[in-house]
1. Which residues does a label at residue 66 reach in the stretch 108-130, if reach means a backbone N under 16 Å from a point 7 Å past the Cα toward the Cβ?
2. Using only alpha carbon positions, build the gyration tensor of the stretch 64-140, then give the equivalent ellipsoid semi-axes as the square roots of 5 times its eigenvalues, largest first, whole angstrom.
3. Send over the semi-axes of the stretch 192-256's equivalent ellipsoid, whole angstrom and largest first, taken as the square roots of 5 times the C-alpha gyration tensor eigenvalues.
4. Tell me, in nm to one decimal, what length is gained between residue 26 and residue 389 on full extension, where the rule is 0.36 nm per residue of separation less the Cα-Cα distance?
5. Apply the a/c threshold of 1.5 to the C-alpha gyration tensor of the stretch 21-96 and tell me whether it is rounded, prolate or oblate.
6. Within a 10 angstrom radius of the beta carbon, how do 236, 52 rank from fewest other beta carbons to most?
7. With the Cα gyration tensor of the stretch 162-215 giving a ≥ b ≥ c as the square roots of its eigenvalues, does the rule (a/c under 1.5 for rounded; else a/b larger than b/c for prolate; else oblate) give rounded, prolate or oblate?
8. For residue 59 and residue 15, calculate 0.36 nm times their separation in residues minus their Cα-Cα distance, and state this gained length in nm to one decimal.
Amino acid sequence: MLYHVFPPATTTERSQYQRLEKTMSDHPSHLVRWNPAVIQDFPYAFARGSYHVKEGQEIDTRAWSLFLEGVNEVQGQGKMGAPDVASVGHALLKAWGENTIAKDKRKLFMTLYRMYEAQGHSLPSDLGSIQNLLAYKEFVGDRLRDLIQDAVTAFKKKQPEAYTSFLEGRLNGILPGQDAQRDLLVRTKVFEQMTGSENGMMRRELFGDPQKPEKDPAKLEYKISPESPQISFRFHVTKRKAHAVVGLCEGVCTSSDKKLWDNRDFLQVIFFGEDNVAQGGMHLLVVEDHGKKYLSLPGINPSIWLLGQTDADQFLESVVDFAWQLADSWGLAGVWIPTKAEIHSNRPPLQEAIARRFVSTEPTKTAKHILSHQPSYEFDLVYSVPRPAQAYTGPKKGPSRNLGIIAGLICTSLLLKMFPAGNVLHESQANLFGGDPLPISFSWAFSVLLSWVITLYCLWPRRTPIPRIYKGQWHGRLGPTKSSA
């Protein structure tokens, strides 16, 4: 059932779902602390479309070739068992130290891919579709970084003295006494040499250069299909253990991080489709900075299928709108998106949408905020997200309680003075049904009750969803619906 409701982002074994469901805990108290209230399951509608190669353009797949060939060779060899992760880390560090990563890249990549397969995942064996191109771009730009971190960390734990000796010789006194920064530097250098120029080439080949769009334009474009029906999703905030498997649907490496899941200031949003099947989700992390609390979005990961049906810029607008609804409801000072692409999203189309949205925005320096622990992610540079022009700022607040009491008393007096509903009831009951009339006290109670019903109806808080217009296509909030998940 979970495998159907939360389809995996990449080919994943069902045992992964079972392990996560057993490992994670239910946290109803976290939703009491951060209650989405009327914002829960708020739906958004989009014009349906898909990515196409622009007319007259052709995708040059040379940047993909080494990785595609490595994947096909590993898949052709069949299951060979999981490699020793610490040994993989040692091989990576040795190649980096000897400056042979470029020469041994294919062999090292195949070993890392075997690690990935051992975790129950796989990549497509061809580049016959845009989705397959995006899957490889995501793997090279994001998952490969996590696999390298896992391998190097495993070697450090298994042979701490050899690891320390290697760093002393390779770094030559850089960042003395700053172990965490040295570890990060080593992993980053290995990752940069493993991906070489391919990661940047893939990005420019598909999406161009957002800094110089005229010189290096995108080759992909998103086309809306006017004849297709709209597609809608509802955003569901959760900390149920059964929903923890959405991390596999998002395709994030932090899906098994129990310490992150147990953080009471961390929440998970699920993007449920009209068929109540999840199409990815996003992370919410409430952080405190200089005495104020902010809602950060360190992981916006709709499924590849969803981004193949909707425009990434429009979807980002919905994410921002929903985040501001929550921030206003919880009394937070603002909404943040971490600047690092490997943190704010795994999805190349969404990474590009964020780059376009904040291309002229100066990032904000913050204190260091820890996101995850396995693998380790933290951020201290964010984009401060402006409030949408038509952002919903919570239910319209009615008058104060004291004013409601006064209004109720006035209504009661006027009703009894000008339209004695109690007396009418008192007399009509005897005329219609005969017998003794009801006690006058009952009739007066009815008058008071009627006046209070009128008062409460007038003062009850109301909310009105505001539709949006994007690129000539209707898109916006539809209003609250009841969850069926």
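1. Under cut-off, by backbone N: 108-113.
2. On the way: eigenvalues 98, 48, 21 Å².
That gives 22, 15, 10 Å for the three semi-axes.
3. After diagonalising the Cα gyration tensor, the semi-axes are 32, 24, 9 Å.
4. Numbers: separation 363, 0.36 × 363 = 130.68 nm, distance 3.65 nm.
Fully extending the segment from residue 26 to residue 389 adds 127.0 nm.
5. Numbers: a/c = 2.97, a/b = 1.30, b/c = 2.29.
Here the stretch 21-96 falls in the oblate category.
6. Values: 236 22, 52 13.
Ordered from fewest to most neighbouring Cβ atoms within 10 Å, 236, 52 come out as 52, 236.
7. Details: a/c = 4.41, a/b = 2.89, b/c = 1.53.
Prolate shape, in that a/c is at least 1.5 and a/b is the bigger ratio.
8. Details: separation 44, 0.36 × 44 = 15.84 nm, distance 3.69 nm.
Stretched fully, the residue 59-residue 15 segment lengthens by 12.2 nm.
Each value in this text was obtained by applying a stated rule to the coordinates, not by laboratory testing. Keep in mind that this is a model prediction, so the values were computed, not measured. Please note: Cβ atoms are built from the backbone with ideal geometry, for glycine as well, and neighbour counts cover all protein chains shown.
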